[in-house]
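Below is one structure; the comments refer to it alone.
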Amino acid sequence: MVATPPRRFHFRRPSVIPGFGLTFGYALTCLSLVVLLPLAALVARASGLGLSGIWDVARDPRVASALRLSFGVSLLAALTASVFGFVVAWVLTRYDFPGRRIVDAAVDLPFALPTAVAGIALASLYAPNGLVGAQLAKVGIQAAYTPIGIFIAMVFIGLPFAVRTVQPLIAEIDKEVEEASATLGAKRLLTLTRVVLPPLIPAVLTGFALAFARGVGEYGSIIFIAGNLPFVSEIAPLLIVIKLSEFDYAGAAAIATIMLGISFLTLLVINLIQAWSRRRFGYV
Amino acid sequence: MSEGITLEAAAAPRPRSVISEGRGVRWLLTGIAILFLALFLVLPLLTVFAQALARGWAAYFEAFAEPDARSAIRLTLTVAAISVPFNLVFGVAAAWAIAKFEFPGKSLLITLIDLPFSVSPVVSGMIYVLVFGSQGLFGAFFIEHGIQIIFAVPGIVLATIFVTFPFIARELIPLMQEQGTAEEEAALTLGASGWHAFRTVTLPNIRWGLLYSVLLCNARAMGEFGAVSVVSGHIRGLTNTLPLHVEILYNEYNFVGAFAVASLLAGLALVTLVIKSVLEWRYAGDLAAGGRH
Amino acid sequence: MLGLLGPSGSGKTTLLRIIAGLDFPDRGRVLFGGDDATGLPVQQRAVGFVFQHYALFKHMSVADNIAYGLNARKRSERPGKAEIRKRVGDLLDLIKLSGFADRYPSQLSGGQRQRIALARALAVEPRVLLLDEPFGALDAQVRKDLRRWLREIHDRTGQTTIFVTHDQDEALELSDRVAVLDKGRLEQVGTPDEVQDRPASATVLKFLGDSVEFEAIVEGERVLVDGRPTPAVAPRGVIGPARLYVRPWQLQFVDPAEAHLSGTVRASHRSQGRQRVEVERPDGRLVVVEDFDGDRYAAGRPVGLRINGGYVFA
């Protein structure tokens, strides 16, 4: 028997590559100063309030209405973005048509366009005298300065998330699986609903959750089109800004904590979906 | 054999792929997709330019002659010039530590780096107010020493760094993980120093991914509105970035001015999109597969 | 059971896909037992197709995979639930995976997935079973077992089967008839014995195993190499200069006086009871001879070789 030498504990697996201490230390320092410390300040402020303090703020009718509006409209917008986003992703990956690449690039526009720019553009388009707003006004719909306007802005910013999470998975679908379904006698519609769509559901849900989280927190593209009427079209992030400008740090921290809580919950759900799908299908 | 399969020459049937939808369905879906994108994405973009030029070119250029507009442009460039290099150095360092080494807690670290993506822009600005504001954690300390952070340029820079924090690291980590450590190890066995190996082996391998992420980081840094709005204090000529200037002009009903300044930012977005798309088409293999934001 | 054999790119898989209705021919028709199936969409062709990488539905259990084709039928033609369950059970017994109904494809080995794919194809009672490189993605041992097992299943069910392979041994062992393809052309169809004993072309011969090529002269019945007659028989119509292809085991070491050709031994190596000897001819070309693992042939030794058979092509 050969005696095994006692194993030394290493924080990281030994490697000949240099620079771990320097880069790891630097990255951790930046992360702590830029991200963790300020977020800790928020947590400290919120824990100063206590659960009951946060609950009191949330129960304030104006706050409650803003939170309801933000979450409710974002849910609807994420749903819309997911449905149309799926169609867009499908068309972009499965069909070929002139200008496909340009359309594909355009999907990222909401990522690249500053939110304030998108905000004033949407506001002027959907205002009662705007290009689209005037048409909507004819059928009696007022989009700008109502929750409908908020919905439009949230669909706008959520769309790329919905498209880009499903697109790579649609591209990866094994053509043989679709052919196998066809040789077994399944018509195209059945192949789509039973074979093609089910494995895509986790990705669709992930895209939905990302669009939802983004919509809830969005500020710049919404405030111009929303009209910001308390109890009607005032979103939660705007209320934070208002409370901050009134130096009501506690109130602002309470709303922010609720919003952060929901977005972490959303992130958790996304991770669970992906873990489940990895276990079930062997891929994300 | 129970049955004979025979193949005969002659005759000509019509080919149609068995794994695609019928022509009608394809047209319908393509139509829906393009109409939807045109209505929701392209139309707003066109509006920006149409509104900016509504009163002609003279009025358009007048918007940039204003001293406030000029100082906003200057401030936006300054903020980007500080925050992008900061995140570049951080991103490369973080990606090197995470991609080239194995250590416990790695996925937690990645999650923490990702955190700013899932925080509302308004909250991103607000946390700095909570730290450096007059009633903040260290507010009193900085005021005592006469250093103004909130409602001043440092606060704007900090908030911008926060919202763009994950961009470069997020692109580089998967890219460098894919590339592994074999090439660096080869360079080291050939006698290269660590820094030399990084410059001559790692850097050329990640250059397109680096350019790609710097581009997106810069676009976001110049366009950020919510977070900056909270910490800026909106002091004209001093703490107004371009997006904030757009807001002020718009709220003053100076639509041509607002859209003129906005068109500058929209132009930046378009240039970013074009370069990004070109990079994606030409160097798809040299960019990280996942996490394109 | 028909084996489509050919090098990669010879069009075997395309032919298989045309029969299935997954690809479409520019010209020609596909007949199933006399019925024209050319215009029939893939869904109505009643073929069972086993894909090279199985193409199992990852999100469905094994039982759901096998039952898929039955569930896809129109309500009027669909068997009842109990009937489907029984069919799935029978097929699982047939492929010897009875306890696996509730597993998912990601939990199975390659060989098991292969068998599930086969059961799924058989479940619809196809008119023809089509297998694309059925053992291509498996390692050697599993491959051998599955080969024998597939033959057994075929003997039991009598299912018309066409399979594609680029492995001669596989085709010759499994098939009742072999079709050899090359560059999109059908070179020969026949029993394994026919294609081996009477290859229709030099391409077929070369693809079915190693051979040594000689320049020969055909005079009437006789085939001459270096002026000496050989036992090879020329096909009808081949006269004058021709090529003679000789398998390694059709060469025999003999006394140089009786030899068709002479040379010196370059190297020899033993494997599985036989030895392969490389002989260098005076003009520098190498000839590989296969012999029983008997006499040792040291490098440098002069030897004579006699041609005991061979195949002549113009």
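The values are calculated or read from the model by the stated rules, or taken from the named source; none is laboratory data. Keep in mind that this is a model prediction, so the values were computed, not measured. For neighbour counting, all protein chains shown are included, and Cβ atoms are generated from backbone atoms with ideal geometry for every residue, glycine included. Just the protein is used for accessible areas: all its heavy atoms, side chains included, with ligands, DNA and RNA removed. Shrake-Rupley method; radii C 1.70, N 1.55, O 1.52, S 1.80 Å.
Residues of the stretch C:216-237 that are within 29 Å of the chain's Cα centre (by Cα) and either in a strand (DSSP E or B) or surrounded by 14 or more Cβ atoms within 10 Å (Cβ to Cβ) (or both): C:Ala232, C:Val233, C:Ala234.
Listed by first and then second residue, the pairs linking a residue in the stretch A:188-203 that is more than 9 Å from chain C (Cβ to nearest Cβ) and touching a residue at least 60 places away in the same chain (Cβ under 8 Å) to a residue that is surrounded by fewer than 21 Cβ atoms within 10 Å (Cβ to Cβ) and of a type in the set (Phe, Trp, Tyr), with Cβ atoms under 9 Å apart and 6 or more places separating them unless they lie on different chains, are A:Pro202/A:Trp276; A:Pro202/A:Phe281. For the stretch B:36-64, enumerate the residues that are more than 7 Å from chain A (Cβ to nearest Cβ) and either in contact with a Pro (Cβ under 6 Å, 6 or more places away or on another chain) or open to solvent by less than 60 Å² (accessible area, probe 1.4 Å) (or both). Scanning the stretch B:36-64 gives B:Ala38, B:Ala52, B:Gly56, B:Ala59, B:Tyr60, B:Ala63, B:Phe64. Checking the stretch A:260-271 against the condition returns a match, with at least one residue being at the interface with chain B (Cβ under 7 Å from one of its Cβ atoms), at pLDDT below 90 and farther than 22 Å from A:Phe86 by Cβ.
Annotation note: of B:Ile168, B:Ile82, B:Ile73, the sole residue that is open to solvent by 10 Å² or more (accessible area, probe 1.4 Å), more than 30 Å from A:Ala250 (Cβ to Cβ), more than 8 Å from every other protein chain (Cβ to nearest Cβ) and touching a Leu at 6+ places or on another chain (Cβ under 7 Å) is B:Ile73.
Taking the numbered list (1) without any contact (Cβ under 8 Å) to a residue 24 or more places away in the chain; (2) open to solvent by less than 10 Å² (accessible area, probe 1.4 Å) in turn, A:Ala254 passes all entries but (1).
For residues that are among the aromatic types (Phe, Trp, Tyr) and more than 8 Å from every other protein chain (Cβ to nearest Cβ), scanning just the stretch B:119-145, find the one that is surrounded by the fewest Cβ atoms within 10 Å (Cβ to Cβ). My answer is B:Phe141.
Among the listed residues C:Gln44, C:Gln107, identify the single one that is farther than 27 Å from C:Arg147 by Cβ and surrounded by fewer than 16 Cβ atoms within 10 Å (Cβ to Cβ). The conditions single out C:Gln44. Taken over the stretch A:56-101, residues that are in contact (Cβ under 8 Å) with a residue 40 or more places away in the chain and of a type in the set (Val, Ile, Thr) amount to 6. A search for C-beta distances below 7 Å between a residue of the stretch C:140-159 that is in the same structural domain as C:Leu92 (by TED's automatic domain parsing) and any residue that is among the small types (Gly, Ala, Ser) and part of a helix (DSSP H, G or I), counting only pairs 6+ apart in sequence or on different chains, returns C:Val142/C:Gly110; C:Val142/C:Gly111; C:Leu146/C:Gly111.
Of all residues assigned to the stretch A:159-178, at least one qualifies as being touching a Pro at 6+ places or on another chain (Cβ under 7 Å) and within 13 Å of chain B (Cβ to nearest Cβ).
Count of the stretch C:127-163 residues, restricted to those that are within 14 Å of chain B (Cβ to nearest Cβ) and surrounded by fewer than 16 Cβ atoms within 10 Å (Cβ to Cβ), is 4.
Residues of the stretch A:36-52 include none that is at positive phi, open to solvent by 20 Å² or more (accessible area, probe 1.4 Å) and within 12 Å of chain B (Cβ to nearest Cβ). Put simply, of C:Arg306, C:Arg266, C:Arg296 the only residue that is in the same structural domain as C:Asp226 (by TED's automatic domain parsing), open to solvent by 80 Å² or more (accessible area, probe 1.4 Å) and modelled with pLDDT of 85 or more is C:Arg266. Scanning the stretch B:175-191 for residues being open to solvent by 30 Å² or more (accessible area, probe 1.4 Å) and either in contact (Cβ under 8 Å) with a residue 40 or more places away in the chain or more than 9 Å from every other protein chain (Cβ to nearest Cβ) (or both) gives a total of 9. Evaluation of B:Ala258 against the conditions (1) over 26 Å from B:Phe86 (Cβ atoms); (2) open to solvent by 10 Å² or more (accessible area, probe 1.4 Å) shows that the sole unmet condition is (2). Considering only residues in the stretch C:61-100 that are in a loop (DSSP other than H, G, I, E, B) and within 8 Å of chain A (Cβ to nearest Cβ), the one that is surrounded by the most Cβ atoms within 10 Å (Cβ to Cβ) turns out to be C:Ala72. If you go through the stretch B:222-242 and keep only what is surrounded by 24 or more Cβ atoms within 10 Å (Cβ to Cβ), under 20 Å from B:Ile149 (Cα atoms) and facing chain A (nearest Cβ under 10 Å), you end up with B:Met222, B:Glu224, B:Phe225, B:Gly226, B:Ala227, B:Val228, B:Ser229, B:Val230, B:Val231, B:Thr241, B:Leu242.
Residues that are more than 7 Å from chain A (Cβ to nearest Cβ) and free of Cβ contacts under 8 Å to residues at least 24 places away in the same chain were ranked within the stretch B:88-118; the one that is most open to solvent (accessible area, probe 1.4 Å) is B:Leu108. Once the stretch A:111-124 is narrowed to residues that are touching a residue at least 12 places away in the same chain (Cβ under 8 Å) and facing chain B (nearest Cβ under 7 Å), the residue that is surrounded by the fewest Cβ atoms within 10 Å (Cβ to Cβ) is A:Phe111. Screening C:Val287 on (1) assigned to a strand (DSSP E or B); (2) open to solvent by 40 Å² or more (accessible area, probe 1.4 Å); (3) in contact with a Gly (Cβ under 9 Å, 6 or more places away or on another chain) shows it passes everything except condition (2). Taken over the stretch C:110-126, the criterion of being surrounded by fewer than 20 Cβ atoms within 10 Å (Cβ to Cβ) and within 24 Å of the chain's Cα centre (by Cα) is satisfied by C:Gly110, C:Gly111, C:Gln112.
Listed by first and then second residue, the pairs with beta-carbon distance under 6 Å, at least 6 apart or on different chains, first residue in the stretch A:130-151 and open to solvent by 70 Å² or more (accessible area, probe 1.4 Å), second outside any loop (DSSP other than H, G, I, E, B), are A:Leu131/A:Leu125. Taken over the stretch A:70-106, residues that are more than 7 Å from chain B (Cβ to nearest Cβ) and open to solvent by less than 10 Å² (accessible area, probe 1.4 Å) amount to 8.
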